[in-house]
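Here is the structure we will look at, set down as structure tokens.
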Amino acid sequence: MAENEWLSKDFYKVLGVSKDASDSDITKAYRKLARKYHPDLNKTKEAEEKFKDISEAYDVLSNKDSRQKYDAIRQFGMGGARFAGGSGQGGFDASGFSDIFGSMFGGASGMGGNGSRIRFSTSGGGNPNLNDIFSMFGGAAGAGAQGGSPYGAYGNAGAYGGSPYEEAPQPKRGKDRNSKISLTLRQAAKGATVSLSVDGSKFKTHIPAGVKDGQKIRLSGKGHAGVNGGKHGDLYLQVNVKPDATFTMRGHDLVMDLPVSVAEAVAGAKVEAKDIDGETVTFKVPAGSSSGAEVRISGKGVQTGNAPGDLVGRVMIQVPAKPGLGVKHAAKEFDKAAGDYVER
């Protein structure tokens, strides 16, 4: 901004500070206003113009030399120096003006003592040419004074295109969420598509086959929203697998008890049962199978990847709860025929 426009600008009022504000007060005021009106945060035309004004004000008042010149020029323009005509040329009485600038020029650097008179030539013979006055100060305070804005190029009188100001909000990832989900053992073994709700928004997600009780599943981007354009956080689902009356998971296998009779266990047999889908399957029980022996049906276990687990039948020999005399007699005869096969 040209110095000859300073008379029409009250930079202290623009920043909302007093004329004796400290450098720290000026910087704080600027930063507060910059956060409110910065073009990255406030897209209105009014905010853009306001940001230019506060940037201009800060550029001048944050630099010691330019602020001193600004204060002097403002005081001059508001009646701090007296104008007087004379000898056909415009002029003014510098007795008051020299007091204003005395500290800047050592008191006697071309200004004279008390009562000295300095005349400035003007093109029209009226008021003094302010550009002549400004040339006494170096003439460049308003157009690139040192000190600059702590907000980079955005603080340079609204000259956009530079780096963002030092406290520009940075994208921040949103926080993660934690939730729980209950699954049947069948859903855990085979996988399932479930419906979930986050902040009133419903969505569906697939639970992979083979999840275990207590395991956590991460759903990317389903957490809290990010700040300043940052990514969403994640949602972590803790899985609770409900116990099943018939089946348990062991690695990728599904294990079930397989009831067989004494004769089936001794002679061997094909024993039918129901898998986890309720479909009929047939186990081949070898002759001489004792309780606890395991028989398998390949591919009927946990459906994960290209190598699903097996359905395991654990042989459980069943006997009548209330055997009659004939059964008891037959059992004794069986023991006699089998010999001493039981290791106690």
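The values are calculated or read from the model by the stated rules, or taken from the named source; none is laboratory data. What you are looking at is a predicted structure, and each value in this text was computed from that prediction instead of being measured. With ideal geometry, Cβ positions are generated from the backbone for all residues, glycine too; neighbour counts draw on all protein chains shown. Surface accessibility is based on the protein's heavy atoms, side chains included, excluding ligands, DNA and RNA. Shrake-Rupley method; radii C 1.70, N 1.55, O 1.52, S 1.80 Å.
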**Message:** Being surrounded by 13 or more Cβ atoms within 10 Å (Cβ to Cβ) and under 25 Å from Val319 (Cβ atoms) is the filter here; which residues of region 274-283 pass it?
**Reply:** Val281, Phe283
**Request:** Would you tally the residues in region 171-186 being surrounded by 12 or more Cβ atoms within 10 Å (Cβ to Cβ), touching a Lys or Arg at 6+ places or on another chain (Cβ under 8 Å) and either of a type in the set (Asp, Glu) or not in a strand (DSSP E or B) (or both)?
**Result:** 4
**Message:** Given (1) closer than 30 Å to Arg177 by Cα; (2) free of Cβ contacts under 8 Å to residues at least 40 places away in the same chain; (3) basic (Lys, Arg), identify the lone condition not met by Lys242.
**Reply:** (2)
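Within 19 Å of Val312 (Cβ to Cβ), assigned to a strand (DSSP E or B) and at pLDDT below 95: which single residue out of Met256, Met249 fits that description? If you could, list the steps in order and put the result at the bottom.
Numbers: Met256 fails: at pLDDT below 95.
Every option except Met249 fails the conditions.
Can you name every residue in region 259-273 that is assigned to a strand (DSSP E or B) and open to solvent by less than 40 Å² (accessible area, probe 1.4 Å)? Don't jump to the end; show me each part of the working.
Step one: filter region 259-273 for residues assigned to a strand (DSSP E or B), giving 259-260, 269-273.
Result: Val260, Ala269, Val271, Ala273.
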**Number of the condition not met by Lys36 [criteria: (1) in contact with a Lys or Arg (Cβ under 9 Å, 6 or more places away or on another chain); (2) open to solvent by 70 Å² or more (accessible area, probe 1.4 Å); (3) assigned to a loop (DSSP other than H, G, I, E, B)]** = (3)
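Are any residues in region 298-317 of a type in the set (S, T, N, Q) and surrounded by 14 or more Cβ atoms within 10 Å (Cβ to Cβ), and if so, which ones?
First, pick out the residues of region 298-317 that are of a type in the set (S, T, N, Q): 298, 303-304, 306.
Within region 298-317, Gln303, Thr304 qualify.
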**Request:** Hey, could you check region 39-78 for residues that are open to solvent by less than 40 Å² (accessible area, probe 1.4 Å) and small (Gly, Ala, Ser) and say which is nearest to Tyr12 (Cα to Cα)?
**Result:** Ala57
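Any idea which residue in region 1-33 is nearest to Pro171 (Cα to Cα), counting only those that are small (Gly, Ala, Ser) and part of a helix (DSSP H, G or I)? Steps first, please.
Step one: of region 1-33, the residues small (Gly, Ala, Ser) are 2, 8, 16, 18, 21-22, 24, 29.
Keeping just the survivors that are part of a helix (DSSP H, G or I) gives 8, 24, 29.
Numbers: Ser8: 40, Ser24: 28, Ala29: 24 Å.
Here the answer is Ala29.
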**Prompt:** Quick one: Arg250 ticks every box in (1) free of Cβ contacts under 8 Å to residues at least 40 places away in the same chain; (2) open to solvent by 90 Å² or more (accessible area, probe 1.4 Å) bar one, so which box is it?
**Reply:** (1)
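Yes/no per residue for (1) outside the structural domain of Leu185 (by the TED database); (2) at pLDDT below 95; (3) of a type in the set (S, T, N, Q):
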residue	(1), (2), (3)
Ser290	yes, yes, yes
Ser298	yes, yes, yes
Gly301	yes, yes, no
Gly313	yes, no, no
Val342	yes, yes, no
